[in-house]
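Enquirer: Before we start, here is the structure in question, set down as structure tokens.
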Amino acid sequence: MPDDPLLERVAALEERVSRLELGPQPRSDVFWALEGLRRRLTGDGQVLFTGALDLPTGEHYEWQQGAATENLLEANWADHATPYAALGHPVRLTLLRAVLRGTRSAAELQETAGLNTTGQLYHHLKQLTAAGWLQAEGRGHYQVPAGRVVPLLVLLSAVVPAPNSTTRSDS
């Protein structure tokens with residue numbers, strides 16, 4: 001007798017309900033990334049961000065970066081203001097999102113951003129390319145460099161409210 005699809009679905013639902021009834025996950029499961037970082041820590045700590053994603057364009061990225069807390073706190077942050085400043089305009093954020101979604105030509109980007117002149121468009125594209133958020137990939141086409149895709153999304157995730165973020169402070 002072949003397997004009964006209805007029985008299989010009921011069994012799967014029962015398993016899901018059982019897991020839900022167990023209640024919240026243990027603390028180590030909630031902070032699974034943090035626990036992995038903690039096992040590798042030396043010194044006063046480290047910041048780590050990572051990502052694995054597929055863009056609507058079909059491009060796949062896997063990336064991680066870590067930095068020692070001491071190095072970050074001692075760095076001259078003002079030396080790195082340009083990349084942040086380039087992100088400080090709604091049109092530039094619109095352009096970056098459009099490029100990540102697959103709009104790559106200057107003409108399409110101008111239309112997407114609702115800009116009236118190519119001068120306006122190229123002003124914003126110049127700011128983004130000078131800061132390293134965009135690069136030209138041929139005549140009038142742009143892309144976000146591979147090493148900037150995950151960092152850009154990390155910066156956005158830091159300011160866009162996320163329902164699945166978790167915070168813990170021992171102070």
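Enquirer: Could you identify which residue out of LEU109, LEU37, LEU73 has the top mean-square fluctuation in a GNM of the chain using Cα springs shorter than 10 Å?
Expert: Sorting by GNM fluctuation, first place goes to LEU73.
Enquirer: Find me the longest stretch of the chain that has none of the exposed trypsin sites (Lys or Arg not before Pro), where exposed means in a DSSP loop (not H, G, I, E or B) with at most 13 other Cβ atoms within 10 Å.
Expert: Working: sites that count: ARG139, ARG168.
With trypsin sites (Lys or Arg not before Pro) excluded where exposed in loops, the chain gives 1-138 as its longest stretch.
Enquirer: What are the ³J(HN,Hα) values, in whole Hz, obtained from phi via the Karplus relation 6.51 cos²θ - 1.76 cosθ + 1.60 with θ = phi - 60°, for each residue of region 65-80 in sequence order, with x given for Gly and Pro?
Expert: Result, ordered by residue: 8, x, 8, 5, 4, 4, 5, 5, 6, 8, 5, 7, 4, 4, 5, 10 Hz.
Enquirer: Work out the charge dipole of region 78-169 with +1 on the Cβ of Lys and Arg and -1 on the Cβ of Asp and Glu about the Cα centre, then indicate which of VAL150, THR118, LEU95 is farthest towards its positive end.
Expert: The residue sitting most towards the positive pole is VAL150.
Enquirer: Using only the Cα atoms of region 28-106, build the gyration tensor, take square roots of its eigenvalues as a ≥ b ≥ c, and label the shape rounded, prolate or oblate: rounded if a/c is under 1.5, else prolate if a/b is larger than b/c, else oblate.
Expert: Since a/c reaches 1.5 but b/c is at least a/b, the shape of region 28-106 is classed as oblate.
Enquirer: Continuing with this model, one more query. Grab the eigenvalues of the alpha-carbon gyration tensor for region 73-171, scale each by 5, take roots, and send me the semi-axes largest first in whole angstrom.
Expert: Rounded to whole Å, the semi-axes are 28, 16, 12.
Enquirer: Still on this structure, please answer the following. Only four residue types carry charge here, +1 at the Cβ of Lys and Arg and -1 at the Cβ of Asp and Glu. Report the dipole size of the chain about the Cα centre in Debye, rounded to the nearest 20.
Expert: Its charge dipole is roughly 620 debye.
Enquirer: R0 = 35 Å: FRET efficiency of GLU35 with LEU73, Cβ-based, nearest 0.05?
Expert: 0.90
Enquirer: Hey, another quick one. Give me the 1.4 Å probe accessible area per residue for region 99-163, excluding ligands and nucleic acids, in Å².
Expert: Per-residue accessible area for region 99-163 comes out at 56 Å².
Enquirer: Step by step: find N for the chain, compute 2.2 N^0.38 Å, then divide the Cα radius of gyration by it. What's the final number?
Expert: 1.42
Enquirer: Please report, as a whole percent, how much of the solvent-accessible surface of region 35-134 comes from carbon and sulfur atoms (probe radius 1.4 Å). Each step should come with its number before you reach the end.
Expert: Details: 3210 of 6480 Å².
Using a 1.4 Å probe with all protein chains present, region 35-134 comes out at 50 percent carbon and sulfur.
The values are calculated or read from the model by the stated rules, or taken from the named source; none is laboratory data. All values derive from a computational prediction rather than experimental measurement. All Cβ positions, even for glycine, are placed from backbone atoms using ideal geometry, and neighbour counts span all protein chains on display. Ligands, DNA and RNA are excluded from the accessible area calculation, which covers all protein heavy atoms including side chains. Shrake-Rupley method; radii C 1.70, N 1.55, O 1.52, S 1.80 Å.
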